[in-house]
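Reviewing the structure listed below.
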Amino acid sequence: MWSLLKRYYRPLIVGFLLLSPLVAFLLGGRKGREPNFVDRAIIAVASPVQQGLTSVIEGGVAGVQNYLDLRGVRQENDALRLENLQLRAAVQSLGESRMENERLRKLLNYAEAEPGPEIPARVVGVNPVAKLLSVRISSGEQQGVFRGMSVVTPDGIVGQVIRATGGYADVALVTDPQSRVAVRVQRSRARGTAAGTGGGPLKLENMLRTEDVEDGDLIITAGTDGIYPPGVVVGRVTNLEKKEHGMFQGADIVPAVDSSKLEEVLVVGSPYSAMAPGSAAEGASK
């Protein structure tokens, strides 16, 4: 018995101090007597303990409440972060749609201004092989696209159809090393040839040394090669080289169309390619 009291004397004392005021209240509450010396001593000793326990309990409750509040705030932040990502994705999608609409509107306006049929198509594949720079478009024989037709954008020429199947066609770009386009200087009407180099600027060839051409001149199609209709923009002259001897002068032509950024094109069914589709395609591959 003594060992038990020795072991638990502290909890017993605390319990006694906590229960004494309660017992005194229950016993003397109805009588309404004034607290005596013993009551006052017990209250004086028990009050700090009670206050401490109350503080601990209130602190624990406050801590739990704060944790729950923080957890709620964290969940709300996660939800807001997700909503923000979704809104940013939606804005990005709208921006892309707006840019696509602008390109298509420009393409449509160009098609309406040009005589003859134009067949719209999307670029769905790229074949960056050194011997044949080409792209694949989403229109083919089913849409009226055939070998030999020229391909353009509102900015300028793209290339020539070299192969067409049911729903697709392959287009050799003007930058292909085998590409040759009959061109003229828009300002002076001087004629020459734009040759592909496998990427980057085209080469201005067969331009007589006596012809009037300057850096910055706009080069357009001449329409004499049986491939491209006349007047379509090819690019601008740069790095003009006027030789003192020989028949020809040379220059680079910066293409008007960046083939690495092609998305939508028009296939032009000009009378030039329709009259001799075989020879037109062969001319592009020679």
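Assorted remarks:
- Neighbour cut-off at most 13 other Cβ (10 Å), DSSP loop, GluC sites (Glu not before Pro), region 210-258: GLU214, GLU244
- In the assembled protein chains, ILE220 presents an accessible area of approximately 10 Å² (probe radius 1.4 Å).
- Under Karplus coefficients 6.51, -1.76 and 1.60, residue-wise ³J(HN,Hα) of region 166-182 in Hz, glycine/proline x: x, x, 9, 8, 9, 10, 7, 6, 5, 7, 4, x, 8, 7, 9, 10, 6
- With θ taken as phi - 60° and the Karplus curve 6.51 cos²θ - 1.76 cosθ + 1.60 applied, the whole-hertz 3J(HN,Hα) list for region 247-262 is 8, 10, 10, x, 6, 9, 10, 7, x, 6, 10, 7, 5, 6, 10, 5 Hz, x standing for glycine and proline.
- Between ARG187 and GLU76, the simple label model (points 7 Å from Cα in the Cβ direction) yields a spacing of 6.7 nm.
- Modelled spin labels at ASP258 and ASP215, positioned 7 Å past Cα toward Cβ, are 2.2 nm from each other.
- In terms of accessible area, using a 1.4 Å probe and ignoring ligands and nucleic acids, MET149, MET247, MET207 rank largest first as MET247, MET149, MET207.
- By accessible area with a 1.4 Å probe, ligands and nucleic acids excluded, highest first: order of VAL237, VAL126: VAL126, VAL237
- Quotient of Cα Rg and 2.2 N^0.38 Å for region 137-281, N being how many residues it contains: 1.05
- Accessible area (Å², 1.4 Å probe, nearest 10) - LEU70: 110 Å²
- Legend: P(r) of region 191-231 from all alpha carbon pair distances, 5 Å bins from 0, whole percents, reading 6, 20, 25, 30, 16, 3.
- Radius 11 Å from Cβ of ALA121, net charge of other residues (Lys, Arg +1; Asp, Glu -1): -1
- Rg to Rh quotient for region 154-214, alpha carbon positions, Kirkwood Rh: 1.08
- Efficiency of FRET from Cβ geometry, HIS245 and ARG163, R₀ 35 Å, rounded to 0.05: 0.25
The values are calculated or read from the model by the stated rules, or taken from the named source; none is laboratory data. Quantities reported herein were computed from a predicted structural model and do not represent experimental measurements. Heads up, the Cβs are rebuilt from the backbone with ideal geometry, glycines too, and the neighbour counts pull from every protein chain shown. These area figures cover heavy atoms from the full protein model, side chains too; ligands, DNA and RNA do not enter into them. Shrake-Rupley method; radii C 1.70, N 1.55, O 1.52, S 1.80 Å.
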